[in-house]
Amino acid sequence: MSLAAYENLKGFTSSRPPLVVFMVCLGAFAIVLLSVGFYIKSNEVENPDNENWNTFLENFADLDFCIVSNATSYDASRTTTDARVTTTTAGPTSTTTESWNHDGVRNYSVSLVLSVRPTQDFININSNVTQLIGSVSGEELGLKGALAKEEVNVTFEVPFDWNSSVCSSLGHCKPVKIYTCVSFQASRHVFPGYRAPDQCSVSNATGVSDSGSQAHMISHKDKSIFKHYWCNKLPKVEVEYQWDPTLTVMLSIGDRSMINLHLMHTSYFLFVMVITLFCYAMIKGRPHKQKTHTHTQHI
C-alpha cells in the first residue's frame with residue numbers, strides 16, 4: 001500500500017510539474033502568513049492608519065532653508081507666534097505645555113538640531129541674527145488633498161554669536177550646529193493628532209542678547225545630487241532629525257489579535273488545499289495513456 005502511494009506520488013510529480021510548483025507555492029505562502037501572524041501577535045507593530053510626528057518631522061528635515069532677506073531688528077521677548085516659551089538657564093528643555101488659539105491654530109515648539117552654514121556677509125550684519133522665520137507648504141511636508149495647500153509658519157531660534165564663526169580667507173565659513181527650538185504654527189488639521197512631542201524652551205545661557213534681529217528664509221526640497229548647488233552663495237540651514245520611537249502610534253492588543261486570527265485562518269485554508277492536492281497525487285498518480293488503434297481499410 002505504501003509502495004503504491006509512493007509510486008503514485010512519484011509519477012504525479014514527474015507528469016504534472018506545474019501543479020507541483022503550485023502546491024509548493026501554496027505551502028510556502030501559508031508558512032509565511034503563519035509566521036507574520038505570530039510576529040504581529042508577539043511584537044509591537046506601528047499603526048499604519050495614523051500619521052505620527054516622526055513622519056511629519058522627517059518630511060520637515062528633508063527641506064533645506066535659504067536665508068534670503070536682510071535682517072530686521074526685533075525684540076526676542078515678543079515672538080511671532082503664540083506658543084508659550086519659557087526661559088530657563090540650561091539650554092533646550094522639555095516641557096508638557098501646548099498652546100492653541102480659539103480659531104483652531106496650533107503652536108508647537110520642538111527641539112531639533114540645525115546645521116547653519118553662514119556667509120561672510122551674514123556674519124558682518126551689525127545686529128546679531130537670533131531668529132529665522134519662514135513658511136512651508138503642506139505639500140512639502142508630505143500632506144495630501146486639501147492639507148497640501150495649507151501654510152505652516154516656521155521659526156528657528158538661533159541663540160548664537162555669529163561673530164565667533166570660523167571663515168576662510170575665501171569667505172567660506174564652517175557650518176554651525178545648534179540644538180535649539182523650532183516653532184510651528186498652522187491649522188490644527190495640519191499636525192498629527194497623536195502623541196505630540198514635548199514642547200521646548202530656549203535658555204539664554206549662551207550670553208546672546210535677548211534683543212537681536214530676524215531674517216527671512218525660503219524652503220526647498222530636493223533629494224537629487226544637485227541639491228548642494230541650491231542656495232550656494234547665501235546662508236543655508238539644514239535640519240537634522242532622528243526617529244523617536246515614543247512618538248510612534250502602535251497597534252492595540254485587540255487589533256494585533258484580530259490580525260493574527262485572520263492570518264491564521266487564511267494559512268489554515270491554504271494548508272488544507274495543499275493536503276488535498278497531496279492526497280490527490282497519492283491516489284491518482286501518473287495519468288494513464290490511452291492507446292489509439294488505427295484501422296486500415298482493405299479494398
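The values are calculated or read from the model by the stated rules, or taken from the named source; none is laboratory data. This one's a predicted model, so the numbers in the text were calculated from it and none came from an experiment. Please note that ligands, DNA and RNA were not included when accessible areas were found on the heavy atoms of the full protein model with its side chains. Shrake-Rupley method; radii C 1.70, N 1.55, O 1.52, S 1.80 Å.
Along its principal axes, what span do the Cα atoms of the range 147-276 show, with the longest given first and each in whole Å?
Projected onto the principal axes, the Cα atoms of the range 147-276 cover 80, 34, 31 Å.
In whole Hz, with x marking every Gly and Pro, tabulate ³J(HN,Hα) for the range 244-258 from phi via Karplus 6.51 cos²θ - 1.76 cosθ + 1.60, θ = phi - 60°.
Result, rounded to whole Hz: 10, x, 6, 8, 7, 8, 9, 5, 6, 4, x, 5, 5, 5, 5.
What does the accessible area of Met217 come to, in Å² to the nearest 10, when a probe of 1.4 Å is used?
Probe radius 1.4 Å; accessible area of Met217 about 10 Å².
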